[in-house]
1. In nanometres, what is the gap between the two model label sites at GLU44 and LEU166, each 7 Å from Cα along Cα-to-Cβ?
2. Please state, rounded to one decimal and in Å, the Kirkwood hydrodynamic radius that the range 15-92 gives when every pair of distinct Cα atoms enters the mean of 1/r.
3. Between the range 26-74 and the range 119-172, what is the separation of their alpha carbon centroids in Å?
4. Under a 1.4 Å probe, what is the accessible area of the range 4-165 per residue, stated in Å²?
5. I need the phi-derived Karplus couplings for the range 91-101: 6.51 cos²θ - 1.76 cosθ + 1.60, θ = phi - 60°, integer Hz, Gly and Pro marked x.
6. Provide, for q = 0.19 Å⁻¹, the log10 of I(q)/I(0) from a solvent-free Debye sum over equal Cα point scatterers in the chain.
7. For a quick check: with amide H placed at 1.01 Å from N, whose amide H comes under 5 Å from SER150's, ignoring anything fewer than 5 positions away on the same chain?
8. List the lysines whose alpha-carbon lies under 27 Å from that of LYS124, not counting same-chain residues fewer than 8 positions away?
Amino acid sequence: MANNIYLIGFMGVGKSAVARELHKKLDLPLIEMDQEIVDRQGMEISEIFSRHGEAFFRDLESALLSEIANGHDAIVSCGGGAVLREENVSAMQNSGMVVLLTAEPETILERVKGFSHRPLLEGKMNVDAIRELMAQRKPAYENACQYFVSTDGKQPAEIADGIVVLRDLRGI
Ligand code: S3P
């Protein structure tokens with residue numbers, strides 16, 4: 001089993017940016033799950049959803065996660081829905097530390113509104129829709145996470161510093 005750092009949380013919460021900072025600070029490879037799936041399928045996420053459906057994407061996500069859990073130590077930036085399957089949560093918790101990043105819906109909207117690659121936010125680029133989906137997801141995030149960090153008003157580097165401290169404490 002690997003000893004990974006898994007970053008989980010809602011779309012636009014800053015997982016990728018924090019993962020890049022962790023990658024600079026720690027001598028560990030960075031795995032961006034969505035990008036890995038895009039590279040392997042040769043298709044954007046929105047195209048995978050529209051051609052094959054969400055369940056197909058979730059299967060790819062679970063297969064990749066199982067591979068990562070059994071691979072080498074890494075920083076893993078997870079897709080926002082990776083916590084929706086219990087098997088994924090077990091795979092994460094058995095192979096590293098799981099850190100939930102959170103943000104207010106207003107902050108999320110600011111971060112996601114310029115992008116069109118997230119099929120679940122298509123036609124839902126407003127605070128109410130984001131708040132509703134976040135509320136649906138809340139139990140899954142809370143069930144999966146071992147640590148949580150609010151990202152509102154913080155820089156990715158500062159958040160990464162905090163996670164490095166948590167990781168060191170875990171090692172004691
Ligand atoms: C999803 C989040 C996305 C991507 C896909 C589904 C979700 O990842 O995996 O669009 O279900 O929350 P990001 O959280 O990196 O945007």
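The values are calculated or read from the model by the stated rules, or taken from the named source; none is laboratory data. Because the structure is a prediction, the values reported are computed rather than measured. Virtual Cβ from ideal backbone geometry, glycine too; neighbours counted across all protein chains shown. Note: areas computed on protein heavy atoms with side chains; ligands, DNA, RNA excluded. Shrake-Rupley method; radii C 1.70, N 1.55, O 1.52, S 1.80 Å.
1. Once both label points are built, they end up 3.2 nm from each other.
2. Computed over the range 15-92, the radius equals 13.1 Å.
3. Cα centroid to Cα centroid, the span is 19 Å.
4. 48 Å²
5. 4, 5, 5, 7, 9, x, 9, 10, 10, 8, 9
6. At q = 0.19 Å⁻¹ the computed log10 ratios are -1.37.
7. Amide H neighbours of SER150, under 5 Å, 5+ apart: THR102.
8. Filter leaves LYS15, LYS113, LYS138, LYS154.
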